[in-house]
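Below: one structure, written as structure tokens.
The values are calculated or read from the model by the stated rules, or taken from the named source; none is laboratory data. If you're wondering where the values come from, they're calculated on a predicted model, not measured in any experiment. For neighbour counting, all protein chains shown are included, and Cβ atoms are generated from backbone atoms with ideal geometry for every residue, glycine included. Please note that ligands, DNA and RNA were not included when accessible areas were found on the heavy atoms of the full protein model with its side chains. Shrake-Rupley method; radii C 1.70, N 1.55, O 1.52, S 1.80 Å.
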Amino acid sequence: MTNALDLVPVTEWGFFTLPRPMIIAGPCSAESEEQLLQTAKGLDSLGIHVLRAGIWKPRTHPNCFEGVGVGGLKWLQTVKREVGMKVSTEVASAKHVYECLKYGIDMVWIGARTTANPFLVQEIADALRDTDIPVLVKNPVNPDLDLWIGALERLNQAGVRKLGVIHRGFSSSQKISYRNDPGWRIAIELRTRYPMLPFFADPSHMGGDRKFLLEISQRALDLGLDGLMIESHCDPSNALSDAKQQLKPEDLGLMLKKIIVRDNDNDSPAYKESIAQLRAQIDVIDDNLLSALASRMNISARIGSYKKEHNIAILQTGRWDRLLEEMVRKGKGFGLSEEFITTVFNAIHEESVKIQNDVISEQNDVISDGKGQPS
Ligand code: PEP
Ligand code: MN
């Protein structure tokens, strides 16, 4: 179910220089007043006027740097006063919200671990009641769109109307090259349901490495997202958290220049999809198809071992005929032609049989080498 959100358009927040992309940048963590000032000045000179800096850091393991705490809020005030930037930080409790309000922080965001916890989100929403401060909500660590939407609803019902989202990807149990699985499908779904919600991507936490920033940022903008939150530090290699994914303001400037910003029509109430966005959606689906095919073939290999172990023939034609018939029937339900389904699934089946054959002959080789025993 999608409840409408009562939103103040981002163009009325007075924060970002439009057109797209709107950029929020700054260090993962505030470490010292000098570090913040130096980074902020670098960013400001690039035309980036909204600073991010974590004051309270949610770390996976204890005894890591957990942020400088309330003391850092004064440094953010200094940046605001001396550089003239808007300043933002992460809040994870009502207490954090009260401290931010006390120090005149301009915007807060809710981190991925907090969005996953409705008790905390409600506590934060209650603390924000009767304030006017914009709030950005990161996706929850797990790929649960309803949990993400639920957090937006809690805040909106507490009167937060300057609301936006940040997509930072999802934890994954699979081995992937990025730190977090982009799971763009979920972002697209949210974008489609709430076209007016300002939508940022966080390529830093998604990629986990500065080398991925450009490709992720480009993908995010091709999908029609409005902006980017990127970690930038004046001395990344000595950063106290997320050193690998941060980059110097000047390198961020070079990276941003390489991004191609295509036209989109997000400002119109009826969000129109451009060809670039549709193509980007196809790219995402193709990536998913590839990984589904790889998982399927992996299982075929395991079946190959099992058949060998239990002395079962690879080909059981009766089973395949039934399966194909079932796929054709289901495919028709999705409007897919019999010819198409038959071609695709016969190709998949052929590859699967080949893989099972390979597994069995590999095992035979091992046995005849005398190097192994049948399992
Ligand atoms: C952060 O923005 O520094 C952070 C901790 O991010 P996330 O909540 O996405 O892990
Ligand atoms: Mn970080």
Taking first residues from the stretch 124-147 that are basic (Lys, Arg) and second residues anywhere that are assigned to a strand (DSSP E or B) and surrounded by fewer than 18 Cβ atoms within 10 Å (Cβ to Cβ), the pairs with Cβ under 9 Å that are 6 or more apart or on different chains are none
Among LEU190, LEU145, LEU152, LEU128, the single one that is more than 19 Å from ILE230 (Cα to Cα) and open to solvent by 10 Å² or more (accessible area, probe 1.4 Å) is LEU145
Conditions (1) part of a helix (DSSP H, G or I); (2) modelled with pLDDT under 75; (3) more than 30 Å from ARG193 (Cβ to Cβ) -> GLY372 fails only (1)
Condition met for GLN218 (open to solvent by less than 20 Å² (accessible area, probe 1.4 Å) and either at positive phi or out of contact with any Phe, Trp or Tyr (no Cβ under 6 Å at 6 or more places or on another chain) (or both)): no
Exactly one of ASP222, ASP202, ASP226 is touching a residue at least 40 places away in the same chain (Cβ under 8 Å) and touching a His at 6+ places or on another chain (Cβ under 7 Å), and that one is ASP202
Restricting the stretch 162-180 to residues that are within 15 Å of ligand 2 (Cβ to nearest atom) and open to solvent by 30 Å² or more (accessible area, probe 1.4 Å), the one farthest from ASN139 (Cα to Cα) turns out to be TYR178
Per the list (1) closer than 26 Å to LEU7 by Cβ; (2) within 14 Å of ligand 1 (Cβ to nearest atom); (3) outside any strand (DSSP E or B), residue check on LEU228 breaks on (3)
Note on the stretch 87-98: residues surrounded by 18 or more Cβ atoms within 10 Å (Cβ to Cβ) and outside any loop (DSSP other than H, G, I, E, B) are VAL87, SER88, THR89, GLU90, VAL91, HIS96, VAL97
If you go through ASN156, ASN142, ASN117, the only one that is touching a Phe, Trp or Tyr at 6+ places or on another chain (Cβ under 7 Å), under 30 Å from ARG219 (Cβ atoms) and away from ligand 2 (no atom under 16 Å from the Cβ) is ASN142
